[in-house]
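As structure tokens, the structure follows; a few thoughts come after it.
The values are calculated or read from the model by the stated rules, or taken from the named source; none is laboratory data. The structure presented is a predicted model; accordingly, all values stated were derived computationally and were not measured. Counting neighbours? That spans all protein chains shown, and the Cβs are built from the backbone with ideal geometry, glycine included.
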Amino acid sequence: MKTQTDRITLYDRDYQLWLETTIQQLRAGQFSSVDWENLFEELESMGRNNKRAVKSLLTRLWEHLLKLRYWESEREYNANKWRAEIITFRQQIRDELADSPSLKPYLAEIFSLTYLDAKKVIARLMDKPVNFFPEEPPASLEQVLNEDWFFDIP
């Protein structure tokens, strides 16, 4: 009868070694030796992580755009820092899309949601109600991702 310790796989004991072993097995065509269950789990996880990363980056990009546009009392002191962060988030999104162009439609899919999430965070930070900000995103996805675009500051 198998005990709990008998069922502990290389994946559970040493992830890096499991990864290297799996790569070697696949390259050598040793398909019957591959730990398929954990490999499939890892591949599915990678897809979720990529989506989570671009969602987080787009939300953070929105947060900084909203700060720049609406947080008047902090703008003079923080505008350059916020612009630099905006540029950084755009570069990181660009890099993610260069690696996985199929994520571009996902950005359009989550665009309004990330705006809403950012509004909630910045409203709390500014001590304002969420409806202080426009209900709909005040810029398009193309504008938000455009490295030369920033809100016109009144």
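Take the conditions out of contact with any Ser or Thr (no Cβ under 7 Å at 6 or more places or on another chain), without any contact (Cβ under 8 Å) to a residue 24 or more places away in the chain and over 28 Å from residue 153 (Cα atoms) and apply them to residue 76. Does it pass?
no
Would it be correct to say that residue 56 is in contact with a Pro (Cβ under 8 Å, 6 or more places away or on another chain), modelled with pLDDT of 95 or more and closer than 21 Å to residue 137 by Cα?
No; evaluated as a whole, the condition is false for this residue.
Tally up the residues in the range 107-154 that are over 24 Å from residue 92 (Cβ atoms) and polar (S, T, N, Q), please.
1
Taking interchain pairs and intrachain pairs at least six residues apart, which have beta carbon atoms under 6 angstrom, with the first residue in the range 38-51 and more than 16 Å from residue 93 (Cα to Cα) and the second surrounded by 10 or more Cβ atoms within 10 Å (Cβ to Cβ) and at pLDDT below 85?
Within 6 Å, the pairs are 38/11.
Would you check which residues across the range 76-101 are surrounded by 17 or more Cβ atoms within 10 Å (Cβ to Cβ) and of a type in the set (Phe, Trp, Tyr) and list them?
82, 89
Could we say that residue 63 is of a type in the set (D, E, K, R), touching a Leu at 6+ places or on another chain (Cβ under 9 Å) and at pLDDT 95 or above here?
Answer is yes for this residue.
Looking at 43, 68, 113 in this structure, which one is of a type in the set (A, V, I, L, M, F, W, C), part of a helix (DSSP H, G or I) and surrounded by 13 or more Cβ atoms within 10 Å (Cβ to Cβ)?
Exactly one residue qualifies, and that residue is 68.
Quick one: would you say residue 99 is free of Cβ contacts under 8 Å to residues at least 60 places away in the same chain and within 18 Å of the chain's Cα centre (by Cα)?
When the stated conditions are applied, residue 99 passes them.
Can you give me the number of residues within the range 9-35 that are in contact (Cβ under 8 Å) with a residue 24 or more places away in the chain and assigned to a helix (DSSP H, G or I)?
Matching residues across the range 9-35 total 2.
Pull out all pairs, ordered by first then second residue, where Cβ-Cβ is under 7 Å, the residues are six or more apart or on different chains, the first lies in the range 126-147 and is free of Cβ contacts under 8 Å to residues at least 12 places away in the same chain and more than 14 Å from residue 113 (Cα to Cα), and the second is surrounded by 15 or more Cβ atoms within 10 Å (Cβ to Cβ) and of a type in the set (A, V, I, L, M, F, W, C).
Pairs found: 129/123; 143/149.
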